[in-house]
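Below: the structure, in structure tokens.
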Amino acid sequence: MFNAITHSQIYVLDQDQALDFYVGKLGLEVNADVDMGFMRWLTVSVPGHPDREILLERPGPPAMSEETAGQVRELVTKGALGLALILTTDDCRKTYETLLSRGVEFTDEPTERPYGIDCGLRDPFGNNIRFTQPKR
């Protein structure tokens, strides 16, 4: 049957602003940036791991009607779509300090948890993101 997850998707309201945040601030790298005519296929990944891509998708046609897209944009802005993704790091506190210096706004500071140290942030659109330093 299946042997990998290759793509996940996050709704963003502005793909250029998403590039600035996910690449410029979080340090991910662009895998694909393709104008397909009916949409822009924009994916990023953790450096060195191009086999797992995150599609930064703008809500709208052709995937959904403009009315539905407006509702999705409202939910994204409210942070109501739940957890968007979890990243891992070797040093949660150091990553937190680096991202804080880049202007990233956090919802939770690094905190000891049973599974390791983690913290939370929101992207410029409202998506909830966490990163974790797993217990070894």
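The values are calculated or read from the model by the stated rules, or taken from the named source; none is laboratory data. Everything numeric in this text was worked out from a predicted model, so none of it was measured. Methodologically, a virtual Cβ is constructed for each residue, glycine included, from the backbone with ideal geometry; neighbour enumeration extends over all protein chains shown. Surface areas here come from the heavy atoms of the whole protein model, side chains and all, with no ligands, DNA or RNA. Shrake-Rupley method; radii C 1.70, N 1.55, O 1.52, S 1.80 Å.
A Cβ distance below 6 Å, combined with a sequence gap of six or more or placement on separate chains, defines the contacts here; from segment 97-122, residues that are closer than 16 Å to L85 by Cα and part of a loop (DSSP other than H, G, I, E, B) reach no residue that is open to solvent by less than 80 Å² (accessible area, probe 1.4 Å) and at pLDDT below 95.
Among what's in segment 68-83 and is of a type in the set (V, I, T) and under 17 Å from the mean Cα position of the chain (by Cα), pick the residue that is surrounded by the most Cβ atoms within 10 Å (Cβ to Cβ).
V76
Could you list, in sequence order, the residues of segment 26-67 that are under 19 Å from the mean Cα position of the chain (by Cα), surrounded by fewer than 17 Cβ atoms within 10 Å (Cβ to Cβ) and charged (D, E, K, R)? Within segment 26-67, E29, D33, R40, D51, R52 meet the criteria.
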